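K.L.:
Here you go, one structure.
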Amino acid sequence: MAHEIISLIAQYGLFLVFFNVLLEQAGVPLPAVPTLVVAGALAASGHLAVVNLLLAALAACLISDLMWYWAGRHYGAGVMRTLCRISLSPDSCVRTSELRFQRWRGQVLLIAKFVPGLSTVAPPLVGAMGLRLPAFVLFDGLGSLLWLGAAVGLGYVFAEQIDVLLAALASAGTFAFELLLGLLALYILGKWWQRRRLLMTLRMSRITVEELSEAVASGQAPVVVDVRSDASRQLDTRVIPSALLLDSGSIDRTVNDIPFEQELVLYCNCPNEVSAAKVAKILMDQGYRHVRPLLGGLDAWDAAGYEIRRLPSASAGAVDGTLRAAI
């Protein structure tokens with residue numbers, strides 16, 4: 001079986017590389033680096049043309065990334081929430097991208113392919129943030145070439161060692177192929193378990209939107225805190241009226257004047273209220289006794305028809321202006 005797969009790579013290398021890269025960049029957990037490394041080794045032995053190999057892989061990257069960019073451009077925060085729901089790392093899938101985006105702006109695309117979890121999220125994020133199409137194609141194309149060149153170059157330089165490894169896999173037959181599939185399955189299972197363990201760790205009492213609304217109407221409203229990052233609030237400008245906005249510098253700065261006995265309600269717009277629950281854990285460790293995430297977060301509050309206000313449009317457009325200045 002392994003020998004047949006190696007023969008297929010040699011015979012249909014460009015097509016296999018194209019579809020493998022296309023699927024991985026679309027978000028399918030099917031690593032393309034091993035295929036690129038093997039293709040690089042085959043290029044060193046003359047079975048594939050390096051230029052054609054890089055062009056095929058680059059086309060796959062741009063097609064997939066442009067689709068995500070378009071989705072982010074037109075559907076904004078909704079696309080980011082969908083990615084978080086299907087992500088194997090819901091606590092960091094978008095937040096990590098936002099932090100790097102705030103630091104690198106459009107240039108985040110130059111490193112996105114090298115950072116696990118960032119490759120799929122970065123194109124829709126910069127699209128939602130307003131990065132212009134020419135700048136996106138430039139940064140994404142350069143970043144893709146750097147990533148592809150590194151993987152193909154690794155295979156090209158170590159072609160002899162890879163040939164030995166491929167020969168060993170071929171001689172091992174079906175067992176080697178089954179072993180590789182088993183390792184891939186273990187990787188996916190491990191990421192799923194990390195997700196499940198995180199959600200179990202963050203189990204705590206929630207407050208419903210109806211309970212919060214009743215508390216507001218009775219005049220005994222708790223302090224409501226929006227724990228989203230600045231970038232999230234620029235993507236989605238909705239906020240619950242009178243909510244404190246989590247300071248980007250630290251949690252302490254946001255709740256500095258709030259006594260420990262005060263009831264706090266934290267909200268975000270991420271799956272399972274992950275961000276709100278994580279901040280709630282931190283505040284409880286600091287001594288706050290009555291802290292609860294809002295069940296369903298901002299989306300549930302808005303869907304129930306309760307009052308929503310919008311942040312100033314200048315804040316929402318600040319990122320686009322910074323991006324334009326950066327390019």
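K.L.:
Test of understanding: ordering M129, M284 by Cβ neighbours within 10 Å, fewest first, what list do you get?
P.N.:
Details: M129 24, M284 14.
Exposure proxy ranking, most exposed first: M284, M129.
K.L.:
Next up: Run through every distinct alpha carbon pair of segment 38-82 and return the Kirkwood hydrodynamic radius in angstroms, one decimal place.
P.N.:
In segment 38-82 this quantity evaluates to 12.5 Å.
K.L.:
Give me the dipole magnitude in Debye, nearest 20, for segment 209-326 about the Cα centre, with unit charges on the beta carbon: positive for Lys and Arg, negative for Asp and Glu.
P.N.:
340 debye
K.L.:
Sticking with this one: May I ask for the net charge around I63, where only other residues with Cβ less than 13 Å from the Cβ of I63 are counted and Lys, Arg are +1 while Asp, Glu are -1?
P.N.:
Numbers: positive: none; negative: E24, D65, D140.
So the surrounding residues net to -3.
K.L.:
Treat the count of other C-beta atoms within 10 Å as a stand-in for reagent exposure and order Y75, Y12, Y267 from fewest to most.
P.N.:
Placing the least packed residue first, the sequence is Y12, Y75, Y267.
K.L.:
Let me ask something additional. With Kirkwood's inverse mean 1/r over C-alpha pairs for Rh, give me the Rg to Rh ratio of segment 209-326, two decimals please.
P.N.:
Numbers: Rg = 14.7 Å, Rh = 14.9 Å.
Using Cα coordinates only, the ratio equals 0.98.
K.L.:
Taking the dipole about the Cα centre of segment 209-326, with the C-beta of Lys and Arg at +1 and of Asp and Glu at -1, give me whichever of A215, Y288, V227 is farthest to the positive side.
P.N.:
The Cα lying farthest towards the positive end belongs to V227.
Readers should treat all values here as calculations from the given coordinates under stated rules, not as data from a laboratory. Quick caveat, the model's predicted, so the values are computed rather than measured. A quick note on method: Cβ atoms are made from the backbone with ideal geometry, for glycine too, and the neighbour counts reach across all protein chains shown.
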